[in-house]
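Taking it in order: structure first as structure tokens, then the write-up.
The values are calculated or read from the model by the stated rules, or taken from the named source; none is laboratory data. All figures in this text were calculated on a predicted structure; none of them were measured in a lab. Because the Cβ atoms are built from the backbone with ideal geometry, glycine has one as well, and the counts that use them run over all protein chains shown. Side chains included, ligands, DNA and RNA excluded: accessible areas come from the protein's heavy atoms. Shrake-Rupley method; radii C 1.70, N 1.55, O 1.52, S 1.80 Å.
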Amino acid sequence: MPFLAAALDRVKPSATIAVTDKARVLKAAGRNVIGLGAGEPDFDTPDNIKQAAIKAIQDGKTKYTAVDGIPELKEAIIAKFQRENGLSYKPNQVIVGVGGKQVLYNALMATINPGDEVIVPAPYWVSYPEMVALAGGEPVSVVCTAEHGFKLQPQALEKAITPKTKWLILNSPSNPTGAAYSKAELKALTDVLVRHPHVWIMTDDMYEHLVYDEFVFTTPAQVEPSLLDRTLTVNGVSKSYCMTGWRIGYAGGPAQLIKAMATIQSQSTSNPCSIAQWAAVEALNGPQDFIPKNNKIFKERRDLVVSMLNQASGIECPRPEGAFYVYPSCAGTIGKTAPSGKVIENDEAFVTELLEAEGVAVVHGSAFGLGPAFRISYATKTSDLEDACKRIQRFCGNLR
Ligand SMILES: Cc1ncc(COP(=O)(O)O)c(C=O)c1O
């Protein structure tokens, strides 16, 4: 009998982590490598948030807490949902987890039965289909092309829904494309969902604050309040508050679902780190003025990267609304030959050859469900981004 669980056969290791590892090996061997694979801000956690954590330690807030989060953090989350999203939740409708990732995972584990389908618009964050598979469900990928701004179209949603559909996972702004749905675009989707009362909505709003050019963020339950009792609104402090390592995410949703998620959490991790929870209270309740300051830098970097990539031969790079990713097509390079003699057969070959020839680490689009393309994270020093884009231009210029 094999030792490892059969469920593992259904799960792929993360392509984004694989690229980061490969870049690390090349760096250790002395190569000058620029990594554009990581999905985390290069900015430090704001000092007031760090101080709140230090105070929590000094005040002895170092013991187990309630599994689903301390009351003070739940209150801060409730206030945030009200203030920023116009959503009203009670404490038993809110859960705090070890990052947004655990919250999403617990929600799927709490609801998926064998054969249940989950609609995952592609390009998707790599973890969604894998988590659905681990939970025993069937991820149903619906490809959303650049032509439609990488956004799910209402007709495509309607077509993908079957009697077995349990969830639609929406992620706006998106990892990996940066695409964000306007209020009207969300309304067109929620209109479809209103007609299918058995389908629930898991909305991953992790990049809510990272939007540019006066884009106004909205979330499905705000656009269509009648969906509130079948929507799980997931968010967290990792990205906007530069707190990826602190591991705090949260969600608002129907009490029965939240209770089921807490049961799973109680038998796996128990509460998220008590100190990180106090830091998150300060993040949500404290000054928010660093967010527009960071966004100004992110927007400048996005514009720089989009403009430089569009000058690279064979590359087409749309300008996304938010997050800190761009998702250029490399269709124009497929079939060409690199100076090494290798043929660029697909986007995986493109990123492998780019890393070997020029020391730039990016992630191939097919890992996110739509290629030939690649993802660049621009949450990196501007000078490195400029250097990396010059290398990509040179790499593409050298293809024959
Ligand atoms: C779309 C999306 N959702 C969720 C997460 C998980 O965030 P956390 O670090 O809070 O677990 C990420 C992190 O990369 C993400 O990109």
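Summing +1 for each Lys or Arg and -1 for each Asp or Glu, what net charge is found among the other residues whose Cβ lies under 14 Å from the Cβ of Glu72?
Working: positive: Lys55, Lys61, Lys74, Lys80; negative: Asp59, Asp68, Glu75, Glu282.
In short, 0.
Over the Cα atoms of the chain, Rg to Rh with Kirkwood Rh, two decimal places?
Numbers: Rg = 21.2 Å, Rh = 21.9 Å.
On the Cα set of the chain, Rg over Rh gives 0.97.
What lysines does Lys151 reach when the alpha-carbon gap must be under 16 Å and sequence neighbours fewer than 8 apart in one chain are set aside?
Partners within reach: Lys159, Lys183, Lys187.
How many Å² of accessible area per residue for the chain, probe 1.4 Å? Mind showing how you got there, number by number?
Values: 16890 Å² over 400 residues.
Value returned for the chain: 42 Å² of accessible area per residue.
Any idea what angle helix 15-28 forms with the longest principal axis of the chain, computed on alpha-carbon atoms, 0 to 90 degrees, nearest 10?
60
Per the Kirkwood definition applied to all pairs of different Cα atoms, how many angstroms is the hydrodynamic radius of segment 84-215?
Details: mean 1/r = 0.0646 Å⁻¹.
Hydrodynamic radius (Kirkwood, Cα only) of segment 84-215 equals 15.5 Å.
Just the C-alpha atoms of segment 64-285: what Rg/Rh do they give, with Rh taken as the Kirkwood radius?
On the way: Rg = 16.3 Å, Rh = 17.3 Å.
Rounded to two decimals, Rg/Rh equals 0.94.
For Thr165, which sequence-distant residues (separation of 5 or more, or a different chain) have an amide H within less than 5 Å of its own amide H, given hydrogens modelled in the peptide plane?
Glu117
With contacts defined as alpha carbon pairs under 8 Å and 6 or more residues apart, what's the relative contact order of the chain in percent?
22
GluC sites (Glu not before Pro), restricted to segment 318-389: which are DSSP loop and have at most 13 other Cβ atoms within 10 Å?
Answer in residue order: Glu345.
Would you work out the relative contact order for segment 9-121, in percent, from Cα pairs under 8 angstrom that are 6 or more residues apart?
This gives 14 percent for segment 9-121.
State the percentage of accessible surface on the chain attributable to carbon and sulfur atoms; use a 1.4 Å probe and exclude ligands, DNA and RNA.
Numbers: 9490 of 16890 Å².
That share works out to 56 percent.
Magnitude of the Cβ-charge dipole of segment 245-392, K/R +1 and D/E -1, about the Cα centre, nearest 20 debye?
Numbers: 14 positive and 15 negative charges, 73 e Å.
The dipole of segment 245-392 has a size of about 360 debye.
Chymotrypsin sites (Phe, Trp or Tyr not before Pro), restricted to segment 1-81: which are DSSP loop and have at most 10 other Cβ atoms within 10 Å? It would help to have the intermediate numbers written out before the result.
Numbers: sites: Phe3, Phe43, Tyr64, Phe81; in loops: Phe3, Phe43, Tyr64.
Filter output for segment 1-81: Phe3, Tyr64.
Hey, can you rank 17-27, 144-154, 176-186 by average C-beta count inside 10 Å, highest first? Walk me through the numbers on the way to the answer.
Working: 17-27: 15.8, 144-154: 17.8, 176-186: 22.7.
With the highest mean Cβ count within 10 Å placed first, the list reads 176-186, 144-154, 17-27.
Subtracting the Cα-Cα distance from 0.36 nm times the residue separation, let me have the gained length for Asp213 to Leu4 in nm, one decimal.
Values: separation 209, 0.36 × 209 = 75.24 nm, distance 4.89 nm.
Roughly 70.3 nm would be gained on extension.
What are the ³J(HN,Hα) couplings of segment 60-68, residue after residue, when phi is run through the Karplus curve with 6.51, -1.76, 1.60 and θ = phi - 60°? Round to Hz, x for glycine and proline.
Each residue of segment 60-68 in turn: x, 7, 10, 10, 3, 10, 3, 3, 8 Hz.
If you average the C-alpha positions of segment 180-256 and of segment 9-31 separately, how far apart do those two centres end up, in angstrom?
Rounded to whole Å, the Cα centres lie 31 Å apart.
Could you let me know the centre-to-centre spacing of segment 96-110 and segment 352-391, using Cα atoms, in angstrom?
29
What is the Cα centroid distance between segment 123-161 and segment 275-323, reported in whole angstrom?
Taking the Cα centre of segment 275-323 as reference, the centre of segment 123-161 is 24 Å away.
Measure of size requested: the Rg and Dmax of segment 45-158, with Cα atoms as the atom set and Å as the unit; please supply both.
18.7, 55
May I ask what percent, to the nearest 5, of DSSP beta bridges between residues of the chain are antiparallel?
Details: 16 of 36 bridges.
Of all bridge pairs located within the chain, approximately 45 percent are antiparallel.
Straight-line reach only, C-alpha to C-alpha below 20 angstrom: list the lysines that Lys239 could link to, leaving out same-chain residues fewer than 8 apart.
Correct list for Lys239: Lys50, Lys74, Lys80, Lys101, Lys293, Lys296, Lys299, Lys381.
About the Cα centre, and with charges only on the beta carbon of Lys, Arg (+1) and Asp, Glu (-1), how big is the dipole of the chain? Nearest 20 debye, please.
400
Quick check: net charge around Val33, other residues with Cβ under 10 Å of its Cβ, Lys/Arg +1 and Asp/Glu -1? Kindly include the intermediate steps, with their values, before the conclusion.
On the way: positive: Lys22, Arg24, Lys27, Arg31; negative: Glu358.
So the surrounding residues net to +3.
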